[in-house]
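Everything below concerns the one structure shown next.
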Amino acid sequence: MSDQNEPPVIVVINNGPYRVIGENITIKDVAGNTFGLAGRTVVSLCRCGHSENKPFCDGTHARIGFQSEVEARELPPPVPKL
């Protein structure tokens, strides 16, 4: 079990969802409303775009053959805003 002061961690699952792991996960919609997660400490978010339960994963990625393997990398610095 993780320290409650640590922020959630997001893991990109190859050929699958984004997995959010942490003690205090908060997910909000665009209006700022919070999704009720019923105390979950692990939540999977859809990455394939085909889940019937968006933004959450429902396993559709496996049925449709979604493929996307990702390795961590450095992003370039953000473009300055003028």
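Points to keep in mind about this one:
- Verdict on Arg63 being within 16 Å of the chain's Cα centre (by Cα), among the charged types (D, E, K, R) and at pLDDT 95 or above: no
- Candidate set from region 14-47 (those that are among the aliphatic types (A, V, I, L, M) and either modelled with pLDDT under 95 or assigned to a loop (DSSP other than H, G, I, E, B) (or both)); member that is surrounded by the most Cβ atoms within 10 Å (Cβ to Cβ): Ile25
- Pairs where the first residue, in region 54-82, is under 16 Å from Ile13 (Cα atoms) and the second is part of a loop (DSSP other than H, G, I, E, B) and acidic (Asp, Glu), C-beta under 6 Å, 6+ apart: Asp58/Glu52
- Scanning region 48-68 for residues that are in a loop (DSSP other than H, G, I, E, B) and aromatic (Phe, Trp, Tyr) turns up just one, Phe66.
The values are calculated or read from the model by the stated rules, or taken from the named source; none is laboratory data. None of the values given here were measured: they were computed from a predicted structure. Here the Cβ is made from the backbone with ideal geometry for all residues, glycine too, and neighbour counts use every protein chain on show.
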